[in-house]
Amino acid sequence: MNVTEHHHAPTHYLLNTDLIDASIVTTDLSLFESNPATGAPHNDNGRGTVYFRSLKSHSGSIPVVVKQYRRGGMVRHLNKNLYWHSHYSQSRVWLEFKLLVKMTTMGLPVPMPVAGRVKRRFLQWYEASLITQEIEQSITFADSLKQRLGNADDQTLWNNVGATIKRFHTANIYHADLNASNILVTETDHIYLIDFDKGRYLPDSKTDWKKSNLERLQRSLLKYQSNNDQFQFSAKHWQALIAGYEHQSNSATL
């Protein structure tokens, strides 16, 4: 994947030039902004606001997801979207974009990175946006579990999710917010992970972060279940996920 940087102070861009020309994002100032024509944001949970758009690529129009980084927690009431950095290359969008490039190169199921932007507002404060290619015909794992309602294929789905997570763990990729809304399921039950803000490549970690990562996912699933009666999650489902995780581990050693 060919990635280039373009700098037009006070704005800095990262571009996947295999997909798009630099002129597209550096001249269309509205591309990274919210667009009233697209309607309400798909997701606005404090960690990021997401819009779906079309973008002209080398091979024609492609569907993309535009994420505007947003503050979470109580601080969002005072500061919605500004972050401090010592250099644009250490910004959250830069780090997430580079991690997506690495994972794509490794063949992991993640959205293709398209473009990133850091726009300095004053001093070292900046706002950031990320564009990725949309995973078409997919829904979140959380929505999938609400729709299936005990479908006989559930075990296969949970096996697939566990096996996919294991692929990332084997590659030493840490997802900082592994939950059912950051897992996508396609119509053919292919699994993708999204939203790698604060994610990292941890090849030399001495902590058992992989076990903790799975426990985090389990806690989030229990929370979803407690908040929604339609959410389908049980001990049987978790066992199926772990079985898929462990089977993928065994397959990798054969």
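Taking the highest mean first, how do the peptides 179-188, 90-99 order by number of other beta carbon atoms within 10 angstrom per residue?
With the highest mean Cβ count within 10 Å placed first, the list reads 90-99, 179-188.
I want to check the label-to-label distance for residue 223 and residue 2. Put each point 7 Å from Cα in the C-beta direction and report it in nm to one decimal.
Using points 7 Å along Cα→Cβ, the separation is 4.3 nm.
What are the residues whose amide H is under 5 Å from the amide H of residue 55, where those residues sit 5 or more places off or on another chain and H is modelled from the backbone?
Result for residue 55 returns 62, 64.
In the structure displayed, which of 98/166; 67/211; 166/206; 98/198 lie more than 23 Å apart, Cα to Cα?
67/211
Solvent-accessible area of residue 3, probe 1.4 Å, all protein chains present, reported in Å² to the nearest ten, please.
So the heavy atoms of residue 3 present about 50 Å² to solvent.
Report the far tail of the P(r) of segment 183-254, meaning the percent of Cα-Cα pairs longer than 19 Å.
In whole percent, the long-distance tail amounts to 51.
The values are calculated or read from the model by the stated rules, or taken from the named source; none is laboratory data. Not measured: the values here are computed from a predicted model. Glycine also receives a Cβ, built like all others from the backbone with ideal geometry; neighbour counts cover every protein chain displayed. Accessible surface areas use protein heavy atoms only, side chains included; no ligands, DNA or RNA. Shrake-Rupley method; radii C 1.70, N 1.55, O 1.52, S 1.80 Å.
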